[in-house]
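One structure is given here, and the rest of the page talks about it.
The values are calculated or read from the model by the stated rules, or taken from the named source; none is laboratory data. Note that the coordinates shown come from a computational prediction; the quantities given were computed from them, not determined experimentally. In this analysis, Cβ positions are derived from the backbone assuming ideal geometry, glycine residues included, and neighbour counts consider all displayed protein chains. For accessibility, only protein heavy atoms count, side chains too; no ligands or nucleic acids. Shrake-Rupley method; radii C 1.70, N 1.55, O 1.52, S 1.80 Å.
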Amino acid sequence: MIVSLNWLSALLGVDLTPAEVAERLAMLGEPVERVEPVHQDLTGIVVGVVERVARHPNADRLWLCAVNNGVEVLDVVCGAPTVETGGKYPYAAVGSTLPGGAKLKGRKIRGVKSNGMLCSEHELALGTDESGILLLDTDAPAGTPLLDVLAVGDYRLDVEVTPNRPDLLCHRGVARDLGAVLGKPVKLTTIPGAPPHTETPVRSATMGSVGGVEVSVEDVSGCPRYMAAVIRGIEVRPSPDWLQRRLASIGQRPINNVVDATNHILFELNQPLHAFDLAKLAGPKIVVRRALDNEPITTLDGERRRLNSAMTAICDARGPVAVGGVMGGQSSEVSEQTTDVVLECAYFDPKRIRATRRTLRISTEASYRFERGTDLQGMPDALRRAVGMVIAVAGGSEAGPPVDVYPSPTKAVTIFLRPERVTQVLGVELPRAEIEGYLTSLGFTVAPKDGRIAVHVPGWRPDVTGEEDLIEELARLRGYDTFPSEMGPLRPSSVPDDPGYRLEARMRRILTGRGLHEARGISLGPKSGDSAQAVLNPLSAEEAYLRTDLTAGLVRAVEHNWSVRERDIRLFEIGTVFHAAAEGERPQEDRMVAGVITGSRMPAHWSESGVSVDFDGWDVKSLLEEVARAAGSKAVMTDSGGRWVLGGPSGEELGWAGPLEVDGPSWAAGVFGFEVRLTNRDAVTTRFATLPSTPPVTRDLALLLPDGVTAAQVGEVVVRCGGKLLESADIFDEYRGAEIGGRSVAWRLVFRAATRTLRDKEVDAAVTNILGALRKQLGVERRET
């Protein structure tokens with residue numbers, strides 16, 4: 001939302017600075033994204049009084065003017081014949097910088113030195129007229145800064161507005177929040193030339209009339225309230241300077257006095273309006289109804305559009321004259337020949353406007369506001385102010401009280417606020433008077449009710465629907481920085497955390513501890529397999545399906561890192577994958593954890609040689625083991641075709657780990673990945689175990705493995721035959737060499753009894769049993785040397 005600093009200052013009756021406003025709004029949760037000076041480059045321009053005008057001695061079309069700049073009288077050569085003695089004009093002295101960056105220098109023109117220049121509105125970037133010097137209608141003396149006379153110096157503030165705060169899409173809304181923290185009430189400025197009184201709208205249930213125009217609403221769901229006023233005898237012409245300057249201050253282009261008046265109300269009160277040329281309305285009548293399928297209309301931008309029955313159309317006796325809440329029609333546009341207008345003020349269903357805007361692919365200032373929700377209760381005041389402004393700038397008079405077609409009036413929402421709940425949520429006690437003061441400063445109405453506070457929510461705050469919303473408003477106005485940073489006493493919840501949440505938190509701790517960084521990918525991607533679920537309305541061909549695995553997205557992240565010459569990459573992701581189900585059923589969803597590693601095994605250090613991760617080094621296998629262990633999985637891991645597979649009790653694949661085929665640059669290392677399903681995560685529990693009080697007995701076994709025998713097979717036999725005394729069995733070394741005729745894998749076995757110290761003969765018996773089973777079942781022998 002573009003906001004004028006001068007406009008805000010006028011509404012609050014106080015001079016504001018851009019820095020002050022930006023800071024205050026940021027603390028209110030409405031950050032200012034940028035501040036843009038408007039006409040601040042005119043600070044060196046002053047009012048010059050022409051004391052004498054004479055022809056240039058050496059040129060027929062030039063004039064020599066004696067200009068009083070408030071300090072001295074200087075000769076200025078001018079080419080405009082309209083300059084008059086006694087007239088007041090913008091004067092730029094030698095050394096001044098004009099808009100656009102041009103710096104004035106004293107120079108001779110046809111033999112006469114010109115000390116500065118008198119400026120046109122085009123040269124000052126105040127308009128497009130460059131035919132003559134800008135004549136100032138002011139009583140200010142010579143030397144007065146031009147910005148003090150024209151009041152065009154301003155600042156534009158680009159305020160970030162979230163979708164739930166439509167009230168901030170106008171100057172009064174922003175000023176209301178500012179005024180609440182500054183202690184200043186918001187007062188609408190007086191409209192020069194406006195009548196002292198305008199007619200009060202007359203409510204009707206379904207239809208009514210004003211100034212001979214029949215108004216009816218057939219599409220009540222799409223347009224719950226529709227108001228219309230008729231103004232006769234207007235004259236369409238350019239707007240007065242004050243109105244043009246106000247619109248230009250926020251970057252809006254002035255069009256004519258009627259349109260400019262409606263735009264002023266839009267940016268002041270957040271109420272979109274539309275003016276119809278009464279002479280161009282058939283009937284004359286206005287009917288608010290559902291559009292017909294394929295019904296044509298030419299909108300104000302000159303485009304021929306086709307409507308459908310999901311849209312609201314504003315029609316006359318012949319057909320549509322406007323697309324409700326989006327844009328008016330060309331057939332009823334206000335022109336220089338217009339003398340009578342119908343002024344529309346309506347509320348349209350936000351969902352309907354959003355759908356219409358998307359279908360027609362057209363966005364306007366009106367649709368932007370209607371689809372977020374406007375003030376249903378504030379429409380009468382907005383229409384009366386609009387009528388007064390149109391009469392002030394275009395003349396004419398009302399043709400009777402405006403009609404207000406409002407079939408089902410709604411009442412203001414009432415929320416009961418408990419002061420003790422405020423203390424509980426915010427952690428500090430706010431006096432009741434302070435609570436009521438904050439809420440009333442924002443326009444809420446409060447009243448005591450059985451120890452509670454009954455709060456009536458104004459129509460411009462549709463986001464406030466519950467007690468917590470009111471408490472948030474109190475926190476905003478008091479200032480988040482005023483609350484203590486230390487944690488107060490609390491009572492832990494008796495509701496345990498979700499098992500899946502606990503498991504995923506455990507996975508994050510494990511994987512980050514292993515040096516992996518968490519990635520967050522999107523759930524969309526290209527088709528990957530026959531089970532991929534297509535998306536009905538994809539954003540692009542590359543995002544037309546729901547993902548069936550997490551590894552593909554992580555590989556794309558690896559490739560992106562390679563593109564910026566990052567070699568050492570360790571990433572993981574915890575997310576949902578999808579598989580298409582039968583037609584008409586929802587796709588199957590599974591929670592997965594996946595990771596990829598590539599590059600150096602260890603961080604760079606002078607003591608290391610920079611060995612890269614590889615499959616034989618079991619880098620990724622160890623990750624798979626640790627993830628499966630953390631998940632409480634009792635699955636069996638097997639070496640299958642160059643990758644490790646985690647199999648479930650029924651033979652299903654629960655996870656895998658292995659190399660990935662990625663086309664990387666020549667300097668990149670191989671990429672390895674793993675992916676594990678967390679479907680059975682609800683069964684995962686963490687059990688407490690006391691630290692052992694008895695000493696362990698350790699035995700190291702170096703085993704010679706024949707070709708075709710895997711370490712996983714050996715480990716399974718060791719665990720099965722080690723008996724109850726075997727606490728753990730882990731690999732700590734591997735050796736390959738011709739002198740031993742194959743591969744040697746070293747295991748460390750830890751034995752322990754929970755209540756006593758073991759004897760060596762007990763451990764030796766268990767080791768002998770393990771070696772015998774390995775020899776008999778797998779042909780594994782103990783390596784003696």
Q. If you check Gly373 against the conditions, is it under 23 Å from Val210 (Cβ atoms), small (Gly, Ala, Ser) and at pLDDT below 95?
A. no
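Yes or no, residue by residue, for (1) within 60 Å of the chain's Cα centre (by Cα); (2) modelled with pLDDT of 95 or more:
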site: Gly737; (1), (2): no, no
site: Gly741; (1), (2): no, no
site: Ala746; (1), (2): yes, no
site: Val750; (1), (2): yes, yes
site: Thr755; (1), (2): no, no
site: Leu758; (1), (2): no, no
site: Leu778; (1), (2): no, no
site: Arg783; (1), (2): no, no
Glu472 passes all but one of the listed conditions (1) at pLDDT 95 or above; (2) in contact with a strand residue (DSSP E or B) (Cβ under 9 Å, 6 or more places away or on another chain); the exception is number (2)
Looking across region 223-262 at residues that are small (Gly, Ala, Ser) and assigned to a loop (DSSP other than H, G, I, E, B), the single one that is nearest to Pro192 (Cα to Cα) is Ser239
Over region 282-302, the set of residues open to solvent by 10 Å² or more (accessible area, probe 1.4 Å) and in contact (Cβ under 8 Å) with a residue 40 or more places away in the chain is Gly283, Pro284, Lys285, Val287, Arg289, Arg290, Asp301
The correct count of residues that are hydroxyl-bearing (Ser, Thr, Tyr) and assigned to a strand (DSSP E or B) in region 565-615 is 4
Q: Answer with yes or no whether Gly400 is within 30 Å of Val213 (Cβ to Cβ), out of contact with any strand residue (DSSP E or B) (no Cβ under 9 Å at 6 or more places or on another chain) and touching a residue at least 40 places away in the same chain (Cβ under 8 Å).
A: no
In region 748-785, residues that are small (Gly, Ala, Ser) and touching a residue at least 60 places away in the same chain (Cβ under 8 Å) total 2
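Yes/no matrix, rows are residues, columns are (1) at pLDDT 95 or above; (2) of a type outside the set (D, E, K, R); (3) at negative phi:
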site	(1), (2), (3)
Asp177	yes, no, yes
Gly183	no, yes, no
Lys187	yes, no, yes
Val215	yes, yes, yes
Pro224	yes, yes, yes
Ala229	yes, yes, yes
Pro254	no, yes, yes
Thr262	yes, yes, yes
Glu268	yes, no, yes
Just one listed residue, out of Ala505, Ala532, Ala544, is farther than 22 Å from Arg677 by Cα, modelled with pLDDT of 90 or more and open to solvent by less than 40 Å² (accessible area, probe 1.4 Å), and it is Ala544
Practice problem: Inspect region 205-222 for any residue being closer than 21 Å to Phe267 by Cβ, in contact with a helix residue (DSSP H, G or I) (Cβ under 9 Å, 6 or more places away or on another chain) and not in a strand (DSSP E or B) and give the result as yes or no. | Solution: no
Report yes if Glu716 is assigned to a helix (DSSP H, G or I), open to solvent by 70 Å² or more (accessible area, probe 1.4 Å) and within 20 Å of Ser622 (Cβ to Cβ), otherwise no.
-> yes
Of the residues in region 474-494, those that are open to solvent by 100 Å² or more (accessible area, probe 1.4 Å) and in contact (Cβ under 8 Å) with a residue 12 or more places away in the chain come to Tyr480, Asp481
Of (1) of a type outside the set (A, V, I, L, M); (2) free of Cβ contacts under 8 Å to residues at least 60 places away in the same chain; (3) in contact with a Gly (Cβ under 8 Å, 6 or more places away or on another chain), Asn69 satisfies every one except (2)
So, first residue free of Cβ contacts under 8 Å to residues at least 24 places away in the same chain in region 551-580, second residue open to solvent by less than 30 Å² (accessible area, probe 1.4 Å) and not polar (S, T, N, Q), Cβ within less than 8 Å, six or more apart or across chains; the pairs are Asn561/Ile569
Among (1) touching a residue at least 60 places away in the same chain (Cβ under 8 Å); (2) closer than 16 Å to Pro166 by Cβ, Thr465 falls short only on (1)
When region 550-584 is checked residue by residue, the ones that are out of contact with any strand residue (DSSP E or B) (no Cβ under 7 Å at 6 or more places or on another chain), of a type outside the set (A, V, I, L, M) and farther than 17 Å from Ser528 by Cα are Glu559, His560, Trp562, Ser563, Arg565, Glu566, Arg567, Glu583, Gly584
